[in-house]
Amino acid sequence: MSTILCGMLYRIPMLLLLSILLFIWSSSTMIMSGSFFHVCVSSRKLSDLYCLSAGTHPNFHLPIPLNQSSNGENGKVFDAIRSSFDAINGTTTNGDAKTSNTIKVTTNAKAVEEQLQLHDQLTQSHDFESDGNSGGSNDRQAEISKAVKAVEEQLQIHRSWASGSTITNHGACDGRGIFVYDLPSKFNKDLVAQCGDMTPWESTSFCEYMENEAMGRPIPALGKGWYRTHQYSLEPLLHARVLRHPCRVFNPDDAKLFYIPYYGGLDILRWHFKNASDDVKDALGIELVNWLGAQKFWDRNNGKDHVIVLGKISWDFRRTVKSAWGTSFLELEQMKNPIKLLIERQPWKINDIGIPHPTHFHPQSDDDIIAWQTKIISSSRKNLVSFAGAARPDDPDNTRSILINQCSSSTDGSCRFLNCKSGACSKPEILIELFMESEFCLQPRGDSPTRKSVFDSLVAGCIPVLFDPFSAYYQYPWHLPEDHGKYSVFVGKEELKQMNLNVVENLKEVPKTVRDEMRRFIVYELLPGLVYGDSSSQLQRFQDAFSISINHLLHRVNKLE
């Protein structure tokens, strides 16, 4: 009894501190990225798995509507998809010029004005320096356009690093060696050993997710290759894979690419509910930088041939002076040149590259992938639309409440809402079954633009409906095609918030032939490259997300002089 009482007393001051921090975040934190001005954090729901993933992330606020058409309000989503497929197939619609639902920046005066109102409250330096002139909407529109143009140009640079080769034997690795640093265990294994104290808000111990080389425990109900994988498991997952890569070399003189197995995301995670100072939170990252600085090959290309995988979003590693959230690891001068692979990139950092969130599917063979493709392509889609999530009533800029209302008010039962507050979303069997039975999956942003659920829906053959271009389009240049209309539907957030569009009713206008074509592309073209095979996987026909990332990295470093 005394032990329980001590435990309760120990948590009271921490909970009080957390409440104060939440209030401060929700009321005052501002940040700037590029030429975007935005409020950083507006709410955190401890029952939501995304509650601790974002830190000082921005709420990207771009006025990007759907293409307009002459078919009236109810035809907007259909016209956007149809025009995209017309562009793919080289056809036209109603005799008009060939078009697509490519994301474009518009000059929405209201959105620009909202950005201007935050101008005097900015913190931190940024890549697109303002001239201090906050007057004139044309100037602000130009800055916003400049920032988005920079993002698009960066993505083109990332795509230029892509390689179409597949490493299937040791002979193909000549001149493409990967050296994995043997870091002291404090930087990786010891962090995993602290798993029992990392996620006290979850009913399941984080240690269970670290089983089977961070894939978690198997899920027999979903079939072979399915595991209870945590969304923050990317670092140990990929570390296990690279240790077995056919191009791994043990002599750094033979290496082109240097892999740094630091579990920075787990380093952050262990401090979430602890009253730790910035110095304490930054200590291990600084120690790593000092360790790397003593290595012979660190300076060979100024760190440009080094890569580090971080299993949380970029903003968690870019702490601002006005926020206590996260670490400043990626703000260290030594971390600017290495390539950073993250589940969400900072869009104005050229060496940040987004790679897929880990899903629950980890195939071991080509047959595992083919079996799953066969299953989901023939799955009965009894729901036209589904949404798995929870409302964010304290976040005025979030569209979730609107989507929940539209879904729940569908009189013909065409939309199914799964309330994550019930805990159902933490059960992969329930979530994947819902997506397998749905044609479209609504995917609004969470605390940050990206969402693991986007990849869960794609792996289940459900077409994602996105509301923020930073949720996918500006994130994953190596794993998602440049033509976003092939695999997703985009709905402008501003148009939705102004109640000019009922998403469920509009999705009813999409013909079955269009839905089936998009699903075939998702299942047969995208799916294999969105999942991470297990550490012993022997894929010959397909490249998974890990292989795509490594091959592109090798192609990139081979270009270095």
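The values are calculated or read from the model by the stated rules, or taken from the named source; none is laboratory data. Given the structure is predicted, the values throughout are model-derived calculations rather than measurements. Backbone-built Cβ (ideal geometry, glycine too); neighbour counts: all protein chains shown. Note: areas computed on protein heavy atoms with side chains; ligands, DNA, RNA excluded. Shrake-Rupley method; radii C 1.70, N 1.55, O 1.52, S 1.80 Å.
What pairs come up if the first residue lies in the range 480-498 and is within 13 Å of residue 522 (Cα to Cα), the second is open to solvent by 20 Å² or more (accessible area, probe 1.4 Å) and outside any loop (DSSP other than H, G, I, E, B), and their beta carbons are under 7 Å apart, counting only those six or more places apart or on different chains?
Close Cβ pairs (under 7 Å, with a partner that is open to solvent by 20 Å² or more (accessible area, probe 1.4 Å) and outside any loop (DSSP other than H, G, I, E, B)) amount to 483/88; 485/85; 486/88; 486/521; 487/521.
Scan the range 220-245 for residues that are part of a helix (DSSP H, G or I), in contact with a strand residue (DSSP E or B) (Cβ under 9 Å, 6 or more places away or on another chain) and closer than 17 Å to residue 188 by Cα and report the count. Quick ask: steps written out before the conclusion?
In the first step, residues of the range 220-245 are kept if they are part of a helix (DSSP H, G or I); the result is 220-222, 234-243.
Filter again for in contact with a strand residue (DSSP E or B) (Cβ under 9 Å, 6 or more places away or on another chain), leaving 220, 222, 234-239, 242-243.
Checking the rest, the ones that are also closer than 17 Å to residue 188 by Cα come to 234-239, 242-243.
Adding up the residues that qualify gives 8.
Just give me the residues in the range 193-203 being open to solvent by 40 Å² or more (accessible area, probe 1.4 Å) and either closer than 30 Å to residue 298 by Cα or outside any loop (DSSP other than H, G, I, E, B) (or both), in sequence order. Break it down stepwise before answering.
Here is the first cut: in the range 193-203, the ones open to solvent by 40 Å² or more (accessible area, probe 1.4 Å) are 193-194, 196-197, 200-201, 203.
193, 194, 196, 197, listed by residue number.
Taking into account only those residues within the range 310-328 that are in contact with an Asp or Glu (Cβ under 8 Å, 6 or more places away or on another chain) and assigned to a helix (DSSP H, G or I), which is nearest to residue 184 (Cα to Cα)?
317
Quick check on residue 393: is it more than 25 Å from residue 362 (Cβ to Cβ) and open to solvent by less than 30 Å² (accessible area, probe 1.4 Å)?
On the way: more than 25 Å from residue 362 (Cβ to Cβ): yes; open to solvent by less than 30 Å² (accessible area, probe 1.4 Å): no.
No; evaluated as a whole, the condition is false for this residue.
Quick check on the range 271-280. Is at least one of its residues on the phi < 0 side of the Ramachandran plot and at pLDDT 95 or above?
Going through the range 271-280, the residues on the phi < 0 side of the Ramachandran plot turn out to be 271-280.
Filter again for at pLDDT 95 or above, leaving none.
Within the range 271-280, not a single residue is on the phi < 0 side of the Ramachandran plot and at pLDDT 95 or above.
Can you find, within the range 284-309, the residue that is surrounded by the most Cβ atoms within 10 Å (Cβ to Cβ) among those that are over 26 Å from the mean Cα position of the chain (by Cα) and not in a loop (DSSP other than H, G, I, E, B)?
Applying the first criterion (over 26 Å from the mean Cα position of the chain (by Cα)) to the range 284-309 yields 287, 290-302.
Okay, now just the ones that are also not in a loop (DSSP other than H, G, I, E, B), so 287, 290-293.
Working: 287: 14, 290: 10, 291: 17, 292: 22, 293: 11.
Result: 292.
Would you pick out the residues in the range 515-542 that are closer than 22 Å to residue 179 by Cβ and open to solvent by 30 Å² or more (accessible area, probe 1.4 Å)?
If the condition is that a residue be closer than 22 Å to residue 179 by Cβ and open to solvent by 30 Å² or more (accessible area, probe 1.4 Å), then 536 is the only one that fits.
Here are the criteria: (1) touching a residue at least 60 places away in the same chain (Cβ under 8 Å); (2) buried (at least 16 other Cβ atoms within 10 Å of the Cβ); (3) within 27 Å of residue 177 (Cβ to Cβ). Tell me which single one residue 269 does not satisfy.
Only one criterion is unmet by residue 269, namely (3).
If we keep just the residues of the range 176-191 that are under 24 Å from residue 553 (Cβ atoms) and not in a loop (DSSP other than H, G, I, E, B), which is most open to solvent (accessible area, probe 1.4 Å)?
In this case the residue turns out to be 189.
Yes or no: the range 375-389 includes at least one residue that is open to solvent by less than 10 Å² (accessible area, probe 1.4 Å) and over 28 Å from residue 493 (Cα atoms).
Keep residues of the range 375-389 that are open to solvent by less than 10 Å² (accessible area, probe 1.4 Å), which gives 376, 385-389.
Filter once more, so that each one left must be over 28 Å from residue 493 (Cα atoms): 376.
The answer is yes; a qualifying residue exists.
Scan the range 423-451 for residues that are at pLDDT below 95 and either closer than 19 Å to residue 394 by Cα or of a type in the set (D, E, K, R) (or both) and jot them down.
Matches in the range 423-451: 427, 444, 445, 446, 447, 448, 449, 451.
From the list 396, 464, which one is modelled with pLDDT of 95 or more and not hydrophobic (A, V, I, L, M, F, W, C)? Quick ask: steps written out before the conclusion?
Values: 396 fails: modelled with pLDDT of 95 or more.
Residue meeting the stated conditions: 464.
Of the residues that make up the range 505-527, is at least one without any contact (Cβ under 8 Å) to a residue 60 or more places away in the chain and within 15 Å of the chain's Cα centre (by Cα)?
Within the range 505-527, not a single residue is without any contact (Cβ under 8 Å) to a residue 60 or more places away in the chain and within 15 Å of the chain's Cα centre (by Cα).
Tell me yes or no: at least one residue of the range 414-421 is within 28 Å of residue 315 (Cα to Cα), assigned to a helix (DSSP H, G or I), out of contact with any His (no Cβ under 8 Å at 6 or more places or on another chain) and open to solvent by 10 Å² or more (accessible area, probe 1.4 Å).
yes
Residue check: is residue 144 in contact with a Leu (Cβ under 6 Å, 6 or more places away or on another chain) and either at pLDDT 90 or above or not in a loop (DSSP other than H, G, I, E, B) (or both)? Before the answer, list the steps.
Values: in contact with a Leu (Cβ under 6 Å, 6 or more places away or on another chain): no; either at pLDDT 90 or above or not in a loop (DSSP other than H, G, I, E, B) (or both): yes.
Answer is no for this residue.
Where the second residue is of a type in the set (Lys, Arg) and in a strand (DSSP E or B) and the first is in contact (Cβ under 8 Å) with a residue 60 or more places away in the chain and lies in the range 173-184, which pairs have Cβ atoms under 6 Å and are six or more apart or on separate chains?
Here the result reads 176/256; 177/256; 178/248, each pair linking the range 173-184 to a residue that is of a type in the set (Lys, Arg) and in a strand (DSSP E or B).
Looking at the range 193-210, is at least one residue at positive phi and touching a residue at least 24 places away in the same chain (Cβ under 8 Å)? Spell out how you get there, then give the answer.
Going through the range 193-210, the residues at positive phi turn out to be none.
The answer is no; no qualifying residue exists.
Looking at 496, 434, 442, which one is within 17 Å of the chain's Cα centre (by Cα) and open to solvent by less than 10 Å² (accessible area, probe 1.4 Å)?
That would be 442, the only listed residue that is within 17 Å of the chain's Cα centre (by Cα) and open to solvent by less than 10 Å² (accessible area, probe 1.4 Å).
Can you work out which of the residues in the range 204-220 that are open to solvent by less than 40 Å² (accessible area, probe 1.4 Å) and of a type in the set (A, V, I, L, M, F, W, C) is farthest from residue 238 (Cα to Cα)? I'd like the intermediate steps shown before the answer.
Applying the first criterion (open to solvent by less than 40 Å² (accessible area, probe 1.4 Å)) to the range 204-220 yields 206, 209-210, 214-216, 219.
Of the ones still in play, those that are also of a type in the set (A, V, I, L, M, F, W, C) are 206, 210, 214-215, 219.
Working: 206: 18, 210: 13, 214: 9, 215: 10, 219: 21 Å.
Per the criteria, the residue is 219.
Residue pairs, Cβ under 9 Å, 6 or more apart or interchain, first in the range 329-345 and under 18 Å from residue 291 (Cβ atoms) and part of a strand (DSSP E or B), second open to solvent by less than 10 Å² (accessible area, probe 1.4 Å) and not aliphatic (A, V, I, L, M). List them.
340/314; 340/317; 340/352
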